[in-house]
Each structure stands twice: as C-alpha cells, then as structure tokens.
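Written below as structure tokens is the structure these notes are about.
The values are calculated or read from the model by the stated rules, or taken from the named source; none is laboratory data. Note that this is a predicted model, so its numbers are computed, not measured. FYI the Cβ positions are ideal-geometry reconstructions off the backbone, even for glycines, and counts take in every protein chain you see. Surface areas here come from the heavy atoms of the whole protein model, side chains and all, with no ligands, DNA or RNA. Shrake-Rupley method; radii C 1.70, N 1.55, O 1.52, S 1.80 Å.
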Amino acid sequence: MKEVFGGALAAKVRALAPSMTRSMQRVAETVAGDPAGCAALTVTRLAERTGTSEATVVRTARLLGYPGYRDLRLALAGLAAQQQSGRAPAITTDIAVDDPIADVVAKLAHDERQTLADTAAGLDTVQLGAAVSALATARRTDVYGVGASGLVAQDLVQKLLRIGLMAHAHSDPHLAVTNAVQLRAGDVAVAITHSGSTRDVIEPLRVAFERGATTVAITGRPGGAVAQYADQVLTTSTARESELRPAAMSSRTSQLLVVDCLFVGVAQRTYDTAAPALAASYEALAHRHR
C-alpha cells in the first residue's frame, strides 16, 4: 500500500525532472522519498537538509502543483498518514483505486477546472495573437501530434476545416516529415506535445521551420526541445497526476483549451468567410441526417 500511495508523487517528480534545476531535483526527490520526515520540516530546515535555498524549496513546491510550501507540507503529512494506516486516501485531487464513482467525478471536475484556470493564467496572449494571425492567413496548415496529442491535433484540423481553411493532421511521423518538406513561407506548422520532447513531433516541425513556414508549439514544457523550432510557444498546464491518470491524459484538457482559443481567434479574423463556411458545413451535415 505504501508503494501505491507514494507512486503518484514519485511519478510526478520523474515526469518533471527534466524541467527542474539540479537543486530543485534534490528537493523533489527528498520529499518523494521521505514524505513523513519532510512533513515535519519547516521550509528553512528542508532547504538545509537538501543543501538548497528557501526560494528553491518554494519553487519546487509550485512546480509540483502546490500554491506554496505550506500546501506541499500538508499534502506530505496526509500522504504519510495514509502510508502508516494503510487506508485509501481521503478526498484529494488524486484518485484512489477504491474511490466511489461520485468521488471520482468530484475530483476530476476539480482538476479540470484548475487545469483550465492555470492554462488561461499562463497563456502568453502576445504569442497566441501571433499564432492566430499566422493561421488566419495561411495557405495551408499542418498539425503534428501522436497519442493523446494526436487526438487534439485532429480536433484543431476539424475546426479549421469547418471554417474553410486548408489543414491536415499528421500522426504518422514519416508522412508528417514528407508533408513538412512541402511547406514554405506563408504556411503554418503546429506541433502538439505535452513533454516538449516527442521526437516524432519535433522532427517534422524542424523541417517546416527550416523550410520557412511559421511554426507553433503547444506544450507543457516551454523549455523543451520543441521550442527551439517554434516561432510561437503556447504553454499548457496539467492537472495533478494520479496512479490512474498520468500526464498524457490530463494534459489533453489544457491542450483543447488552447486549440479553442486559436480557433475562435482565427474565426474572428476571418469572419466574413468563416461564418458562411461554418453555416454550409452545418447544412451539409444536417442534410445527411434527414
């Protein structure tokens, strides 16, 4: 039971490690390895134990999804109590294997709301506006994504097609690169990757970038490898992970919000053509169901 309860925090630390400094990694690994011991420490004492600073401890707590060190400390105390008792967790943002379905609904709804709020607060509207402008005037848009991000790529393409814009979604890495070679200035390439390091997504974006296309990255790791080939980087947030809901699943909520922001922005810029195209698509679909 101890391994089950501690697994979510340890998994989050492993997932976020690439975006942490070495000192932040020491703090994160220490709290994940000894939640009971760390729950008893003040921010100063934890900084001393890890050989870091109080500011580093606070930054680490925030990166792990807590408003501050006090909140992390309370969560660690709860985790320690769960490990000692062997009981399933009480109502938290983490979902336990024996949670009643009503609790699952409540926890997921809470996480979804927080994820959307965090993404909206952290979204760079200047870069978002630049991406909207590029998409609104693009000769053609290619969107790359694999796995859960591939579903988001398809959603963006479907939206753009509905308002009369030329767009393609690519989840096959070979086809993605083959199509990226055909892009040029005036085209747009969008890469969707939560980790910021998905090679099958980065490679076609690199090719599109080198061909002169405007490139956009939608990612939860703005410092990831994908950013070096992106003219605009749109950063997403993710809900806290649980054993049953890893980052690849929770990231989709924030990605879809960014996609909706892009779509509405483009529809505004192209309203004279977008509105008739959208009406025509509704009519065509309604005709199929008559």
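Before moving on, here are some points about what is shown:
- Condition check for Thr137: among the β-branched types (Val, Ile, Thr) and more than 21 Å from Gln255 (Cα to Cα): yes
- Considering only residues in region 168-201 that are more than 14 Å from Ala225 (Cβ to Cβ) and hydroxyl-bearing (Ser, Thr, Tyr), the one that is farthest from the chain's Cα centre (by Cα) turns out to be Thr178.
- Every residue from region 156-171 that is open to solvent by 30 Å² or more (accessible area, probe 1.4 Å) and either among the charged types (D, E, K, R) or outside any loop (DSSP other than H, G, I, E, B) (or both): Gln158, Lys159, Leu161, Arg162, His168, Ala169
- Any hit, region 184-194, residues being assigned to a helix (DSSP H, G or I), hydrophobic (A, V, I, L, M, F, W, C), open to solvent by 70 Å² or more (accessible area, probe 1.4 Å) and touching a strand residue (DSSP E or B) at 6+ places or on another chain (Cβ under 9 Å): no
- When residues of region 210-245 are limited to those that are open to solvent by 60 Å² or more (accessible area, probe 1.4 Å) and either at pLDDT below 95 or basic (Lys, Arg) (or both), the one farthest from Ala138 (Cα to Cα): Glu243
- Subset of region 138-155 (residues that are touching a strand residue (DSSP E or B) at 6+ places or on another chain (Cβ under 9 Å) and open to solvent by 60 Å² or more (accessible area, probe 1.4 Å)): Arg139, Gln154
- Count of residues meeting criterion [under 11 Å from Leu76 (Cα atoms) and buried (at least 18 other Cβ atoms within 10 Å of the Cβ)] in region 25-50: 6
- Where a residue in region 231-257 is under 24 Å from Ser133 (Cα atoms) and its partner, wherever it lies, is open to solvent by less than 30 Å² (accessible area, probe 1.4 Å) and modelled with pLDDT under 65, with Cβ under 9 Å and at least six apart: Thr253/Ala239; Ser254/Ala239
- Test: residue in region 8-24 that is in contact with a strand residue (DSSP E or B) (Cβ under 8 Å, 6 or more places away or on another chain) and open to solvent by less than 30 Å² (accessible area, probe 1.4 Å): yes
- Qualifying residue in region 172-182 (condition: modelled with pLDDT of 95 or more, more than 24 Å from Pro222 (Cα to Cα) and in a loop (DSSP other than H, G, I, E, B)): yes
- Within region 259-290, tally of residues that are touching a residue at least 60 places away in the same chain (Cβ under 8 Å), open to solvent by 50 Å² or more (accessible area, probe 1.4 Å) and β-branched (Val, Ile, Thr): 1
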